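Have a look at the structure below, then the notes.
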Amino acid sequence: MTMHDLTRELREACEALPVPPGDLDRAVRQGGRLRRRRRAALGGAAGATVLAGVVALALLVGGGSDGPRVLDPAGLGPFDTSGGLRGYADPGGDLHLGGRTFEGMGQQLGDLDTGASGTQHGIVHSVSGRPRLLAPDGRSYPLVASEVDDRSSFRPGSRADSTASTAVVATLHQGTATLHLVDVARRSTLARRPLDCPGSCDSLRLDALDRGRVFLRGPDGAAVWDTADDSWTSFDPRTRIADVRSGVVLHDGPPAPQLEALGLRQVGGAVDSRLTFDGRHVLAWSSRLAPTTPDAEPLRLQRGPGGTEPRDRDALAFWSIDSDGSVLVATTRRYPRYDVVDCDPVTGRCEEVGVLRTSSGDPVFLGSDS
């Protein structure tokens, strides 16, 4: 195929797409991202990159069993997950994933930041209401075979289990939501449970997955679905789940007696904080991670405000837990240039993994920025 032929096919494919109205979903997504993420210290004042035709063509998914033609982050090419996903991006520029840089792809994030879940087998995300896995080979595979409705207001998110190669996703079809526990390594369904939503399923949110237990909020309040025996335990929705790891529940609001009865240890914290995979420390927008037990010592990372490196004391930084349990830190004293480091969750020692220059806004992390 000549370049002329490729250009013509791309033009025809783009012209066949309906002209969309203003991108309200993107505005809501970016607004939610800004609300959920906080700056650590000093702020700073802040060109979009045009995608090559070949890449743009690779992103077009044709109609068929997966629904209408949509933009999907397939076609990136292979990436390495042996050191964790190490996924971070400039929303207006480059995307970094598994040691590779994809120029201009930060503009095609979709829900890879706020609605996706990073795993060692790739990133669980959603396209037109269908859960998919962006695998290390750069291709995007469907995770659920059942029929789904594409409704932009249904955004339950997804959550991955740090103790197994599983994730929980949700689909919507004809007014009924269905929870799916999927094996992301085999791309197969292990358990499912339908939910009747009085009025609407749009309020369904997946909060956490730990040891096969799914923590969620929906029209009927908050609950835990234990996929091992299909049991269902409701609890006070004022107990907002931030994260659950290794039997430790990080929550905002009052502790729930029902969770204690399940043998879970509850620890109070901000709803936008996260637990290390062993449940021993809380990542709460500082490189000083507080312990979840009273007599334990905090974990201080080498880099970032609150850490052991004096030069980062007054820096601006953002943090995330990576798919392998390490802590990613993007820190800067020369905005918009960020140093991105990967820190050991036991020793706190950090390894430099790259540099990110943001064209506008803040850095985002893939599969863990919810």
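The values are calculated or read from the model by the stated rules, or taken from the named source; none is laboratory data. A quick note: this is a predicted structure, and the numbers were derived from the prediction, not measured. In this analysis, Cβ positions are derived from the backbone assuming ideal geometry, glycine residues included, and neighbour counts consider all displayed protein chains. Just the protein is used for accessible areas: all its heavy atoms, side chains included, with ligands, DNA and RNA removed. Shrake-Rupley method; radii C 1.70, N 1.55, O 1.52, S 1.80 Å.
If the condition is being open to solvent by less than 10 Å² (accessible area, probe 1.4 Å), at pLDDT 90 or above and in contact with a strand residue (DSSP E or B) (Cβ under 6 Å, 6 or more places away or on another chain), then the stretch 71-87 contributes Leu85, Gly87. Checking each residue in the stretch 213-227 for being at pLDDT below 95 and not in a loop (DSSP other than H, G, I, E, B) picks out Gly218, Gly221. Might you let me know whether the stretch 139-160 holds any residue that is at pLDDT 95 or above, basic (Lys, Arg) and open to solvent by 10 Å² or more (accessible area, probe 1.4 Å)? Looking through the stretch 139-160, at least one residue is at pLDDT 95 or above, basic (Lys, Arg) and open to solvent by 10 Å² or more (accessible area, probe 1.4 Å).
Look through the stretch 347-370, keep the residues that are within 16 Å of the chain's Cα centre (by Cα) and closer than 17 Å to Phe277 by Cα, and return whichever of them is modelled with the lowest pLDDT.
Of all residues in the stretch 347-370, those within 16 Å of the chain's Cα centre (by Cα) come to 362-370.
Narrowing the set further to residues that are closer than 17 Å to Phe277 by Cα leaves 367-370.
Values: Gly367: 90, Ser368: 85, Asp369: 68, Ser370: 55.
Per the criteria, the residue is Ser370.
Kindly evaluate Gly325 against the criterion of being in contact with a helix residue (DSSP H, G or I) (Cβ under 9 Å, 6 or more places away or on another chain), at pLDDT 95 or above and under 21 Å from Gly269 (Cα atoms). So Gly325 fails the test. Is at least one residue of the stretch 336-346 more than 27 Å from Leu134 (Cβ to Cβ), hydrophobic (A, V, I, L, M, F, W, C) and either at pLDDT 95 or above or touching an Asp or Glu at 6+ places or on another chain (Cβ under 7 Å) (or both)? Taking every residue of the stretch 336-346 in turn, at least one turns out to be more than 27 Å from Leu134 (Cβ to Cβ), hydrophobic (A, V, I, L, M, F, W, C) and either at pLDDT 95 or above or touching an Asp or Glu at 6+ places or on another chain (Cβ under 7 Å) (or both).
Taking the conditions (1) within 19 Å of the chain's Cα centre (by Cα); (2) crowded, with 18+ Cβ neighbours inside 10 Å; (3) not aromatic (Phe, Trp, Tyr) in turn, Gly325 satisfies each one other than (2). Looking only at residues of the stretch 226-245 that are small (Gly, Ala, Ser) and open to solvent by 40 Å² or more (accessible area, probe 1.4 Å), we find that the one that is farthest from Ala164 (Cα to Cα) is Ser234. Of all residues in the stretch 185-202, those satisfying the criterion of being open to solvent by 20 Å² or more (accessible area, probe 1.4 Å), farther than 18 Å from Val124 by Cβ and assigned to a loop (DSSP other than H, G, I, E, B) are Cys197, Pro198, Gly199, Ser200, Asp202. Considering the stretch 104-126, the residues that are in contact with an Asp or Glu (Cβ under 8 Å, 6 or more places away or on another chain) and modelled with pLDDT of 90 or more include one that is farthest from Phe277 (Cα to Cα), namely Ser126.
Quick check: is even one residue across the stretch 271-283 more than 30 Å from Arg313 (Cα to Cα), at pLDDT 95 or above, open to solvent by 30 Å² or more (accessible area, probe 1.4 Å) and in contact with a strand residue (DSSP E or B) (Cβ under 8 Å, 6 or more places away or on another chain)? Talk me through it step by step, then tell me what you get.
Kept after step one, since they are more than 30 Å from Arg313 (Cα to Cα), are these residues of the stretch 271-283: none.
No, the stretch 271-283 contains no residue that is more than 30 Å from Arg313 (Cα to Cα), at pLDDT 95 or above, open to solvent by 30 Å² or more (accessible area, probe 1.4 Å) and in contact with a strand residue (DSSP E or B) (Cβ under 8 Å, 6 or more places away or on another chain).
Of the residues Val124, Val169, Val144, Val182, only one is of a type in the set (A, V, I, L, M) and part of a loop (DSSP other than H, G, I, E, B); which?
Details: Val124 fails: part of a loop (DSSP other than H, G, I, E, B); Val169 fails: part of a loop (DSSP other than H, G, I, E, B); Val182 fails: part of a loop (DSSP other than H, G, I, E, B).
None of the others qualify; the one that does is Val144.
Meeting the requirement of 2 or more residues that are under 24 Å from Leu195 (Cα atoms) and small (Gly, Ala, Ser), the strands (runs of 3 or more DSSP E) wholly within the stretch 228-310 are 231-235.
Kindly indicate the residue of the stretch 354-370 that is outside any loop (DSSP other than H, G, I, E, B) and in contact with a Leu (Cβ under 8 Å, 6 or more places away or on another chain) and also nearest to Gly93 (Cα to Cα) among those meeting that condition. Break it down stepwise before answering.
At the first step, the residues of the stretch 354-370 found to be outside any loop (DSSP other than H, G, I, E, B) are 354-357, 364-365.
Narrowing further to those that are in contact with a Leu (Cβ under 8 Å, 6 or more places away or on another chain): 364-365.
On the way: Val364: 11, Phe365: 14 Å.
Step by step, filter the stretch 354-370, then rank; the result is Val364.
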